[in-house]
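The values are calculated or read from the model by the stated rules, or taken from the named source; none is laboratory data. Worth saying up front: this structure is predicted, and the values here are computed from it rather than measured. Counting neighbours? That spans all protein chains shown, and the Cβs are built from the backbone with ideal geometry, glycine included. Heavy atoms of the whole protein, side chains included, go into the accessibility calculation; ligands, DNA and RNA do not. Shrake-Rupley method; radii C 1.70, N 1.55, O 1.52, S 1.80 Å.
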Amino acid sequence: MEKNMLDTAHAIIREAATASGLSAEELDSLLELEAAHEFDIVLSSGKKFKAFRMQHNSKRGPYKGGVRFHPEVDFDEVRALATLMSLKTAAVNLPLGGAKGGVVVNPKDLSHDELEEIARKYVQGLQEFIGPEKDVPAPDVNTNAEIIDWMVDEYGKLTGDNTKASFTGKSLENGGSLGRTAATGRGGYLVLNEVLEDTGKADDEVTIAVQGIGNVGEYFMTTVKKERPNWKVVAISDSTGTLYDMNGLDAELVVAHKKSAGKLATFIQEGVQVLDSDAILSIECDVLAPAALGDVITEENVATVRADYILELANGPVNAKAGEALESREVTVIPDIIANAGGVIVSYLEWQQNMAHESWTEEEVKTKLADYIVPATKDMLQKATSEHISLKQAAFTIAIRRLMEAR
Ligand code: GLU
């Protein structure tokens with residue numbers, strides 16, 4: 001399938017910008033990258049990998065955004081993701097800009113040592129363009145605290161910076177923040193809760209299907225279980241299969257199986273059906289939460305979606321055409337720039353702790369996360385209702401206004 005995340009991101013920005021009365025020049029400047037860094041990482045073994053860091057907008061503060069390791073990332077996708085980061089930080093009102101990084105690699109094909117070499121060489125290639133006040137990368141798809149710790153270490157060695165504020169998503173022992181690993185999943189729960197409270201459905205028996213059991217899917221599922229006994233995750237998938245139980249899956253058992261077996265398809269429990277990986281998209285449920293990669297709900301499969309709400313925990317999971325089809329069917333799409341902003345919010349809290357040489361309790365972090373994400377969700381809901389526009393348009397309009405004001 002052709003990837004068109006950049007087209008999707010630009011389409012929604014264009015729509016929201018036009019509705020906000022932006023001129024053609026203003027729109028062009030909003031879509032442009034401020035800087036694009038593209039280079040090769042060459043390992044001591046001679047293996048070569050393409051690497052990117054796209055810096056989209058820094059008018060509101062230092063660039064911020066993750067680095068993904070994936071065999072299919074390319075210039076346009078990283079550019080789209082960088083653009084979404086600027087809108088995301090603006091939508092939740094963080095004093096940060098937007099950037100994204102990527103390395104074209106499948107980490108499963110690498111040894112542990114090679115992974116470390118890639119992480120360190122990525123930083124060597126970008127050293128002069130990043131830093132606590134310039135651009136602060138973080139984890140994303142297939143990157144984690146261990147990889148970020150190598151990157152921080154390399155940055156410290158190269159520059160002498162010992163604040164550790166050059167990256168977020170570090171391990172706790174290395175300047176990370178309590179609550180950072182769970183933050184995107186937890187934020188997704190808080191956003192969904194606000195939206196369902198608004199429509200009077202939060203106290204019903206809400207059924208949820210989650211695509212992907214990486215960091216985001218895992219913590220979303222376990223947070224829902226802890227916070228909302230009346231909601232049920234009825235299905236969850238990975239690339240090997242979908243687990244389905246209409247009475248609700250046991251989050252802890254599923255997570256433990258994924259960690260020990262590495263895949264969901266071999267999970268066995270009475271009452272739990274194992275379906276194809278793609279079956280997740282057409283599970284009958286109230287909320288479908290794509291929590292893996294972009295461009296998964298497209299014009300080709302949108303007709304099979306049977307949920308009333310799509311919670312975009314991944315970045316760009318619904319393409320533009322599928323978005324239009326869902327809107328005409330009155331399926332509510334809760335946009336990525338709000339739904340998955342919990343990660344970057346707690347990244348900002350981690351950065352603040354590093355800069356102030358402080359370490360906050362988990363409760364403090366949870367409270368501050370809610371203090372950013374809940375009002376941002378309420379603003380989006382209010383704007384959508386008062387202007388009769390979609391949640392996506394509302395969130396993007398708010399974000400674009402803040403970006404324009406920052407000029
Ligand atoms: N990769 C995450 C995102 O897409 C987090 C970025 C960050 O914490 O800087 O929002």
### Message
For region 128-166, which positions are over 22 Å from residue 106 (Cα atoms) and within 11 Å of the ligand (Cβ to nearest atom)?
### Response
135, 136
### Task
Those residues that are in contact with a strand residue (DSSP E or B) (Cβ under 9 Å, 6 or more places away or on another chain) and more than 16 Å from the ligand (Cβ to nearest atom), I need them from region 48-75; list them, please.
48, 49, 50, 51, 74, 75
### Query
How many residues does region 219-230 hold that are open to solvent by 10 Å² or more (accessible area, probe 1.4 Å) and in contact with a strand residue (DSSP E or B) (Cβ under 9 Å, 6 or more places away or on another chain)?
3
### Query
Can you name the residue in region 325-342 that is near the ligand (Cβ under 9 Å from one of its atoms) and assigned to a loop (DSSP other than H, G, I, E, B) and, of all such residues, is nearest to residue 166 (Cα to Cα)?
341
#### Entry: Matching entry among 104, 123 (being more than 28 Å from residue 379 (Cβ to Cβ), more than 15 Å from the ligand (Cβ to nearest atom) and touching a Pro at 6+ places or on another chain (Cβ under 8 Å))
104
#### Entry: Residues of region 343-358 that turn out to be of a type in the set (A, V, I, L, M) and open to solvent by 40 Å² or more (accessible area, probe 1.4 Å), as a count
2
#### Entry: Options 42, 78: the member that is open to solvent by less than 50 Å² (accessible area, probe 1.4 Å), in contact (Cβ under 8 Å) with a residue 24 or more places away in the chain and either within 12 Å of the ligand (Cβ to nearest atom) or touching a helix residue (DSSP H, G or I) at 6+ places or on another chain (Cβ under 8 Å) (or both)
78
#### Entry: In region 137-194, residue nearest to residue 358 (Cα to Cα) [restricted to those that are acidic (Asp, Glu) and assigned to a loop (DSSP other than H, G, I, E, B)]
161
### Message
So the check is Cβ under 6 Å with 6+ separation or different chains; which pairs have a first residue in region 343-371 that's within 16 Å of the ligand (Cβ to nearest atom) and a second one that's open to solvent by 70 Å² or more (accessible area, probe 1.4 Å)?
### Response
353/359; 354/164
#### Entry: Among the residues listed as 392, 383, 378, 366, the single one being of a type in the set (D, E, K, R), under 19 Å from residue 5 (Cβ atoms) and either open to solvent by less than 10 Å² (accessible area, probe 1.4 Å) or modelled with pLDDT of 95 or more (or both)
392
### Query
Mind checking whether some residue in region 10-17 is at pLDDT below 95, open to solvent by 70 Å² or more (accessible area, probe 1.4 Å) and farther than 21 Å from residue 389 by Cα?
no
#### Entry: Condition check for residue 263: crowded, with 19+ Cβ neighbours inside 10 Å, of a type in the set (Lys, Arg), under 25 Å from the mean Cα position of the chain (by Cα) and within 18 Å of residue 215 (Cβ to Cβ)
no
### Task
Assess whether residue 149 counts as being more than 19 Å from the chain's Cα centre (by Cα) and either aliphatic (A, V, I, L, M) or surrounded by 18 or more Cβ atoms within 10 Å (Cβ to Cβ) (or both).
yes
### Query
Of the residues 197, 218, which is acidic (Asp, Glu), assigned to a helix (DSSP H, G or I) and within 16 Å of the ligand (Cβ to nearest atom)?
218
